[in-house]
Amino acid sequence: MSGQPHRRRIEVEEKGDIAVVGFIDKKILDEQNIQIIGEQLSELVDSEKKLKVVLNFANVEYLSSAALGKIIALNSKLKKANGKLVLSNIRPDIKEVFTITKLDKLIIIVNTEEEALKKF
């Protein structure tokens with residue numbers, strides 16, 4: 001592991017006590033980037049104590065199954081801390097993956113960021 005700081009893979013915007021996370025990459029496929037995204041999402045909960053998180057997928061065109069794993073891990077971490085995760089702006093082809101894997105039953109998915117903010 002090098003001492004190089006990781007380039008941010010996510011952008012976080014504070015909306016009151018809700019952290020709205022946007023993804024910088026259009027394609028979340030690269031294992032190393034997915035690892036960094038996972039670490040940065042964990043930091044939100046562990047270090048920054050964010051318990052209300054919206055993941056806004058407006059910029060995301062492709063998502064690998066490894067990335068889904070990070071989302072599931074974040075959801076579990078938030079639930080253990082009595083927090084909540086809501087996903088928004090997911091393209092239909094990506095949303096289909098959430099439906100097939102039954103993740104839409106586990107995680108709240110809405111169409112817009114505005115709808116997501118109302119879920120808290």
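Tabulated results
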| read-out | value |
| --- | --- |
| Label-to-label distance, nm, for residues given as residue 81 and residue 101 (7 Å Cα→Cβ offset) | 2.1 |
| Sparse-neighbourhood loop sites, trypsin sites (Lys or Arg not before Pro) in region 21-81 - DSSP loop, at most 13 other Cβ within 10 angstrom | 26, 49 |
| Computed label-point distance, nm, for sites residue 108 and residue 42 using a 7 Å Cα→Cβ extension | 2.6 |
| Calculated FRET efficiency for the pair residue 66/residue 17, C-beta based, R₀ 35 Å, to 0.05 | 0.75 |
| Per-selection Rg to Rh, region 10-117 - Cα, Kirkwood hydrodynamic radius | 0.92 |
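The numbers here are math on the coordinates, done by the rules we state, and not lab data. Given the structure is predicted, the values throughout are model-derived calculations rather than measurements. Cβ coordinates were reconstructed from backbone atoms using ideal geometry, including for glycine residues, and neighbour counts include every protein chain displayed.
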